[in-house]
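Read through the structure below, which is laid out as structure tokens, and then see the notes.
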Amino acid sequence: MLNNEQVSGEKRGEKSGLGEKLQVLFNEYNIVGNGYTYLPAASGALQACAQQSEVIRDNYQFMPFLYHIDNLDTIVEKVDNPVVAAFSVSMWNWNLSQEVAKKIKETNPKSLIIFGGPQVLQSKVPEEMDTFFEEHDFVDVAVRADGEYTFREILERHLETGEERDFGSVNGISYRNGNGEVITTPDRELGRNLDELPSPYLEGVFDELMKTEDINFQAIIELNRGCPFQCGYCYWGQGREKAIVKRSSMERAKDLAEWMGKKKIPYVYCADANFGMFKEDREVAQIFVDVKKKYGYPKRFRVCYGKNATDNIFDAAKILADADLSMGVTLSRQTSDEQTLQNILRKNIGIEMYDELQERYREANMTTYTELILGLPGETYDSFKEGLEKIFEGNRVNQLYVYHAQVLPNTPFASSEYQEKFGIQTQTVELHIPHSRSKSMGKISEEEEVIIATESMPLERWRESAVLAWGSQLFHSLKAGNHLSNYLRTHHGVPFTDFYEHITQGDIRSIAPTISEEMGILRETAKGIQEGISKAKIVPEFGNAFWDPEEAAYLRLNMNREKFYGELLAVTRNFLDMAGKGYDADELSEVIKYQKLLIPSPNDPDTKSIEFVYNVPEYMGRFFDGDRPNLVRQPQTLEVKSLNDFGGDKPRYAREIVLWGRKGERLLNEPSFKNTY
């Protein structure tokens with residue numbers, strides 16, 4: 001049994017039958033944004049499971065959670081020399097967690113430091129784990145995969161073996177024993193019933209934290225764990241244990257939902273890998289709808305929808321959408337190139353089924369969005385451009401997000417063999433979570449490793465692809481030019497991406513200096529990423545939040561909207577002239593006038609009326625209807641109701657339009673029209 005002499009210099013808490021209790025400190029540093037952060041779900045789950053053990057209850061005391069990112073010195077002041085310090089580490093807190101762990105180890109070399117989470121090397125290869133512990137000499141135990149039972153057994157064994165550090169009977173870990181040897185134990189056998197694991201919410205683990213902390217808490221829940229898919233860029237489905245999908249009962253789901261409602265949790269993130277894959281997920285959706293009706297909370301229930309958008313997903317999504325609990329449905333693709341899909345071990349639904357699903361969601365008035373990943377092995381500039389075109393063609397989705405391929409630990413992308421096979425080049429850049437606040441002095445910088453080139457997409461082509469992606473999202477996803485591009489596609493047969501390519505890659509300096517300058521910023525941003533500079537941008541006039549490049553461009557152009565849309569007309573005419581397309585100059589001017597009027601501004605009046613010579617307001621208003629009228633010379637009056645009265649408040653405008661509006665498809669002013677002939 002671990003005694004007081006063996007923990008000399010360590011912190012002991014309240015008295016137990018065997019002496020003073022040994023203190024355990026959980027470290028799970030989450031991001032804080034606009035006064036909100038997540039409850040430390042992983043740490044809470046470990047504590048809830050551990051305190052089921054009578055031996056642990058009698059001998060350990062759990063200290064208040066360290067649960068959000070802060071200055072290193074501020075955190076260290078709260079660290080009171082624990083016997084055991086457990087860290088849940090992810091990309092956004094990896095460096096900070098290491099620095100805190102080092103400080104604890106320096107203060108007390110006898111402390112037991114445990115690391116778990118997706119950032120920890122999940123290997124059973126002795127040489128690899130030897131290297132891990134050499135590079136992280138402050139870590140004593142590295143946990144693989146699920147950690148609840150593992151952590152409980154570590155605490156029990158630590159009482160029994162003390163400084164010998166003999167955890168050989170604990171499966172699912174690598175550890176450094178008392179002699180300094182690194183030992184790796186077999187995998188842990190995992191059950192299929194998540195109800196066997198106590199919930200930190202239902203066990204009251206967070207009650208004291210929520211009483212004493214002046215912050216708005218959000219919550220993460222799991223109703224199933226694991227993923228049957230093994231996409232090469234994703235950690236979720238890697239390894240034997242991850243492929244096993246474990247479920248909770250509907251009773252557990254009801255209890256969790258009731259807890260969220262009673263505690264007035266505004267935002268619940270359901271961390272199931274493929275929500276809608278099981279028929280029970282429709283019931284889960286209804287459970288949370290009923291709780292919202294009862295308590296008014298949660299306001300939002302976010303899920304990760306399964307990649308194969310089935311009837312079950314549609315039904316669950318509609319239940320959530322009708323109750324205003326969900327902002328949209330993902331019709332996931334990542335890439336449309338078949339060879340690339342094979343390279344990343346992924347399969348997509350066919351584009352025909354994709355179109356059918358999109359039409360079904362559109363008829364139900366449900367917002368859809370899709371995601372593409374730039375830099376996947378096998379993708380070329382041309383195939384990436386073609387993939388964008390497939391998404392835009394027929395207005396297949398309301399919203400598109402293009403992410404840069406990241407190299408996450410414990411995935412095929414992180415394998416040197418995989419990288420060599422596909423000629424992958426990577427760069428480490430400072431991590432700024434989009435829409436988070438800029439770091440204050442003293443906060444530890446975090447990093448991400450991104451793919452910046454492959455054999456099929458060399459450095460220059462990657463930069464061109466990145467700029468095309470940002471420009472496409474600026475004009476199409478953020479709606480700065482979507483009405484114009486739809487008009488060009490329908491009336492002149494112009495592919496969306498040909499037009500966006502002309503703007504992003506062409507020499508338009510003489511006719512559109514403002515737009516050209518923005519495209520230059522995007523090109524410099526792409527080059528900067530390849531040199532290790534973050535893509536995130538701050539636009540000071542709109543606050544101190546980080547924005548993705550296309551969002552920052554949108555905000556800057558909004559400050560020069562008259563010049564921007566005047567130049568967009570010149571660029572469009574130049575493009576049509578170069579393509580040999582005849583056009584009605586007055587008609588084109590009115591299309592762009594309509595486009596400009598629908599874009600919200602921080603200083604928009606509540607309503608305004610504008611005269612049109614052509615029936616552009618009716619034509620655009622019914623563009624996707626089956627009975628869309630012909631575009632003809634027919635006077636009409638456009639009535640525009642401002643989406644909101646921002647009163648010149650630019651930070652609020654950016655938050656509500658670019659952040660919330662993009663996710664909820666509320667990006668445009670509300671138009672109506674009347675004939676004036």
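Is it fair to say GLY44 is at pLDDT below 95 and either among the small types (Gly, Ala, Ser) or surrounded by 17 or more Cβ atoms within 10 Å (Cβ to Cβ) (or both)? The answer is no for GLY44.
Residue count for the range 194-221 satisfying the condition of being part of a loop (DSSP other than H, G, I, E, B) and buried (at least 20 other Cβ atoms within 10 Å of the Cβ): 6. The C-beta contact set for the range 61-86 (first residue closer than 11 Å to PHE26 by Cα, second residue surrounded by 21 or more Cβ atoms within 10 Å (Cβ to Cβ) and among the aromatic types (Phe, Trp, Tyr), distance under 6 angstrom, 6+ apart or interchain) comprises PHE65/PHE26; ALA86/PHE26. Those helices (runs of 4 or more DSSP H) of the range 349-447 that lie entirely within it include none in which at least 2 residues are free of Cβ contacts under 8 Å to residues at least 60 places away in the same chain and under 17 Å from the mean Cα position of the chain (by Cα).
Every residue, every condition in (1) of a type in the set (A, V, I, L, M, F, W, C); (2) within 30 Å of THR411 (Cα to Cα), yes or no:
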| site | (1), (2) |
| --- | --- |
| LEU22 | yes, no |
| GLN52 | no, no |
| ASP80 | no, no |
| VAL125 | yes, yes |
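Within the range 154-169, the set of residues being in contact with a Ser or Thr (Cβ under 8 Å, 6 or more places away or on another chain) and either crowded, with 21+ Cβ neighbours inside 10 Å or on the phi > 0 side of the Ramachandran plot (or both) comprises LEU155, PHE167. From the list PHE132, PHE87, the one residue that fits, being touching a Ser or Thr at 6+ places or on another chain (Cβ under 7 Å) and either surrounded by 23 or more Cβ atoms within 10 Å (Cβ to Cβ) or within 22 Å of TRP236 (Cβ to Cβ) (or both), is PHE87. Scanning the range 640-652 turns up no residue that is farther than 30 Å from LYS299 by Cβ, modelled with pLDDT of 90 or more and not polar (S, T, N, Q). Within the range 612-630, being touching an Asp or Glu at 6+ places or on another chain (Cβ under 8 Å) and either of a type in the set (Phe, Trp, Tyr) or at pLDDT 95 or above (or both) holds for PHE612, VAL613, TYR614, VAL616.
Scanning the range 396-435 for residues that are buried (at least 18 other Cβ atoms within 10 Å of the Cβ) and either aromatic (Phe, Trp, Tyr) or within 24 Å of GLY493 (Cα to Cα) (or both) gives ARG396, VAL397, ASN398, GLN399, LEU400, TYR401, PHE413, PHE422. Candidates are the residues of the range 238-275 that are touching a helix residue (DSSP H, G or I) at 6+ places or on another chain (Cβ under 6 Å) and of a type in the set (Gly, Ala, Ser); the one that is modelled with the lowest pLDDT is SER248.
From the list PRO549, PRO540, PRO513, the one residue that fits, being within 23 Å of GLU501 (Cβ to Cβ) and under 24 Å from the mean Cα position of the chain (by Cα), is PRO549.
GLN122 falls short on exactly one of the conditions (1) outside any loop (DSSP other than H, G, I, E, B); (2) in contact with a Lys or Arg (Cβ under 6 Å, 6 or more places away or on another chain), and that condition is (1).
Looking only at the range 332-347, filter to residues that are in contact with a Ser or Thr (Cβ under 7 Å, 6 or more places away or on another chain) and in a loop (DSSP other than H, G, I, E, B); which one of those is modelled with the highest pLDDT? Filtering the range 332-347 for residues that are in contact with a Ser or Thr (Cβ under 7 Å, 6 or more places away or on another chain) and in a loop (DSSP other than H, G, I, E, B), the one modelled with the highest pLDDT comes out as ASP337.
Residues in the range 639-677 that are hydrophobic (A, V, I, L, M, F, W, C) and within 38 Å of the chain's Cα centre (by Cα): VAL640, LEU643, PHE646, ALA654, ILE657, VAL658, LEU659, TRP660, LEU667, LEU668. Name the single residue, out of those in the range 448-484 being in contact (Cβ under 8 Å) with a residue 24 or more places away in the chain and part of a loop (DSSP other than H, G, I, E, B), that is surrounded by the fewest Cβ atoms within 10 Å (Cβ to Cβ). Once the filter is applied, the top-ranked residue is GLU455.
Annotation note: of ASN274, ASN179, the sole residue that is over 26 Å from ALA50 (Cα atoms), in a strand (DSSP E or B) and out of contact with any Asp or Glu (no Cβ under 8 Å at 6 or more places or on another chain) is ASN274. Residue count for the range 76-119 satisfying the condition of being touching a Lys or Arg at 6+ places or on another chain (Cβ under 6 Å) and at positive phi: 1.
When GLU134 is tested against (1) touching a residue at least 40 places away in the same chain (Cβ under 8 Å); (2) in a helix (DSSP H, G or I), only condition (1) is not met. Here ASP315 meets the list (1) at pLDDT below 95; (2) buried (at least 18 other Cβ atoms within 10 Å of the Cβ) almost entirely, failing just condition (2).
What's the total number of residues in the range 626-658 that are closer than 30 Å to ALA552 by Cα and out of contact with any strand residue (DSSP E or B) (no Cβ under 9 Å at 6 or more places or on another chain)?
Selection size over the range 626-658: 11.
Table: residues versus (1) loosely packed, with under 13 Cβ neighbours inside 10 Å; (2) among the hydrophobic types (A, V, I, L, M, F, W, C).
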position: LYS581; (1), (2): no, no
position: LEU588; (1), (2): no, yes
position: LEU598; (1), (2): no, yes
position: GLU611; (1), (2): yes, no
position: PRO617; (1), (2): no, no
position: GLY626; (1), (2): yes, no
position: LEU631; (1), (2): no, yes
position: THR637; (1), (2): no, no
position: GLY647; (1), (2): yes, no
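The values are calculated or read from the model by the stated rules, or taken from the named source; none is laboratory data. Note that the structure is a prediction, hence the values are computed from the model and not measured. When we count neighbours, we look across all protein chains shown, and the Cβ atoms used for this are built from the backbone with ideal geometry, even at glycine.
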